[in-house]
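Here's the structure we're looking at; comments come further down.
The values are calculated or read from the model by the stated rules, or taken from the named source; none is laboratory data. All figures in this text were calculated on a predicted structure; none of them were measured in a lab. Methodologically, a virtual Cβ is constructed for each residue, glycine included, from the backbone with ideal geometry; neighbour enumeration extends over all protein chains shown. Side chains included, ligands, DNA and RNA excluded: accessible areas come from the protein's heavy atoms. Shrake-Rupley method; radii C 1.70, N 1.55, O 1.52, S 1.80 Å.
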There are 2 protein chains.
Amino acid sequence: MVKKQKDQTTEQVILAAAKKVFVQKGMAGARMQDIADEAGINKALLHYYFRNKEKLFEVIFLEAAEKLFPKINAIFEADRPLFEKIENFCDEYISIVMDNPYLPLFVLNEINQDPEYFLKKVWAGKAKPNPVKFLEQMEKEVKKGTIKKINPMHLLMNLLSMTIFPFIAKPMFQKNLGMGEAQFRIAMEERKKEIPRFIIDSIKK
Amino acid sequence: MVKKQKDQTTEQVILAAAKKVFVQKGMAGARMQDIADEAGINKALLHYYFRNKEKLFEVIFLEAAEKLFPKINAIFEADRPLFEKIENFCDEYISIVMDNPYLPLFVLNEINQDPEYFLKKVWAGKAKPNPVKFLEQMEKEVKKGTIKKINPMHLLMNLLSMTIFPFIAKPMFQKNLGMGEAQFRIAMEERKKEIPRFIIDSIKK
DNA sequence: ATTTTTGTTAACCATTTGGTTAAATCGTAT
DNA sequence: ATACGATTTAACCAAATGGTTAACAAAAAT
């Protein structure tokens, strides 16, 4: 049960409980009763603060999405040398996700189950990622001759894959490689440097 | 609705329908009625063939897992040069997953929601992946001086990430990069060669 | 042909689940 | 104190959902 800290408002307690339950069980698997129990409150109180399950879910989901996507967008927008961008991205993104290791799977799973909802709710007015700048920067570097010829789309996929996937497959990696929580954290910490090195080694001439 | 082809047994029709519904909605979100409708049969008939939802799910889930994991295991076991292993893995694995693009997310998601179930059911008697051989092979190559010094665990994570993640983030990539179904297939087809090249460029001396 | 087994269905049942209501409690301004 | 709005709860409700039953149809065995 989520302990109600002093100065924590009931709404915050509910949100914390809802996040925990939704992220673990997903929209469909989550029970309003579970969330109420987790928050240590009556089920009716949930509906007092958030009209219904859908509304509550939306708050949690959007918060999660807002935590994950803007940072990805930033690697397109930033006005920095390519290699530096890559290094910054890995460092910052892994830091973010390490504090919320289950968010990526949660978000991607819900997107998968209803892509339209996501498209409408998350990328409605917000800045839909625009890869053009990143693409151009790649082209420029290729022409300058600083990096090998590579399809920017694949490079982007590689970068995102190596950064995010280990968190999505976390339980699998842990079970299979016999990693505990601490070892996993260490490994992810290492990847902040490992991934950029791996990428740069691959594309630099 | 799943059309009942001539010579398709009812059980197969049910399994096809169940797979479709389970993979799209997950265990919790799937409704027995949906599966029945999809299969074009009565709901009671589901329980005639498969005692209950859990049993039916187990069949689908295990089938999915069996399709995804043995191939991963093979890259550890195979007795081939490292670079060749990597090339083979990407080629074969992407081929498998292209025929079932939604399986990885489905399986990883369910594992995440109940890792113990997975551990017990899938890796019960079956060959639990054993990374030792792969690790040794890496060490050998490093000592031979054919590749750079790299932590095998990270290399493994990189390989699996780049191969699998694009399918997990498929809707996201499609929406964001404006890819249709065909373009996505083309991109994945490219990755069969792109990923090995990317990796080998990175680690070869 | 008829009995028996297998496959299939409509109707039904019990439980779960999201959501509502009306009463009670708490905090606070008067 | 007391009135009043905000907060919280117990009890309740209707719909959805997994599962069962008993009857019926089709196929196979006798």
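So, restricting to helices (runs of 4 or more DSSP H) that lie completely within region B:40-123, which ones have at least 1 residues that are within 16 Å of DNA strand C (Cβ to nearest atom)?
B:43-49, B:53-77, B:103-113
Between B:149, B:140, which is touching a Leu at 6+ places or on another chain (Cβ under 9 Å) and farther than 24 Å from residue A:104 by Cα?
Of B:149, B:140, the one residue that is touching a Leu at 6+ places or on another chain (Cβ under 9 Å) and farther than 24 Å from residue A:104 by Cα is B:140.
Would you pick out the residues in region B:142-167 that are over 12 Å from residue A:158 (Cα atoms), in contact (Cβ under 8 Å) with a residue 24 or more places away in the chain and within 29 Å of the chain's Cα centre (by Cα)?
B:147, B:150, B:155, B:156, B:167
Residue by residue, here is whether (1) surrounded by 15 or more Cβ atoms within 10 Å (Cβ to Cβ); (2) at pLDDT below 95 holds:
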residue: B:2; (1), (2): yes, yes
residue: B:7; (1), (2): no, yes
residue: B:14; (1), (2): yes, no
residue: B:21; (1), (2): yes, no
residue: B:26; (1), (2): yes, no
residue: B:34; (1), (2): yes, no
residue: B:39; (1), (2): yes, no
residue: B:46; (1), (2): yes, no
residue: B:50; (1), (2): yes, no
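For region B:109-150, name all the residues that are closer than 28 Å to residue B:23 by Cβ and either hydroxyl-bearing (Ser, Thr, Tyr) or in contact with a Pro (Cβ under 7 Å, 6 or more places away or on another chain) (or both).
Passing the criteria: B:111, B:112, B:115, B:117.
Cβ contacts < 9 Å: first residue not assigned by TED's automatic domain parsing to the domain that holds residue A:13, restricted to region A:54-69; second residue open to solvent by 70 Å² or more (accessible area, probe 1.4 Å) and of a type in the set (Ser, Thr, Tyr), any location; separation 6+ or different chain. Result?
A:56/A:49
With respect to residue B:81, determine if the residue is assigned by TED's automatic domain parsing to the domain that holds residue B:189 and over 19 Å from the mean Cα position of the chain (by Cα).
yes
State which residue pairs qualify: first residue of a type in the set (Gly, Ala, Ser) and inside region A:181-205, second residue part of a helix (DSSP H, G or I) in any location, beta carbons under 7 Å apart, and separation of 6 or more residues or different chains.
A:187/B:153; A:202/B:198; A:202/B:201; A:202/B:202
At positive phi and within 11 Å of chain B (Cβ to nearest Cβ) - does that describe any residue in region A:156-171?
No; the residues of region A:156-171 include none that is at positive phi and within 11 Å of chain B (Cβ to nearest Cβ).
I need the full set of residues from region A:118-147 which are within 7 Å of chain B (Cβ to nearest Cβ) and open to solvent by 20 Å² or more (accessible area, probe 1.4 Å), in order please.
Residues satisfying the conditions are A:119, A:131.
May I ask you to verify whether residue B:68 is within 14 Å of chain A (Cβ to nearest Cβ) and more than 12 Å from DNA strand D (Cβ to nearest atom)?
So residue B:68 fits the description; yes.
Please go through (1) at the interface with chain A (Cβ under 9 Å from one of its Cβ atoms); (2) in a helix (DSSP H, G or I); (3) not polar (S, T, N, Q) for residue B:150 and return the number of the only condition it doesn't satisfy.
The one condition residue B:150 does not meet is (2).
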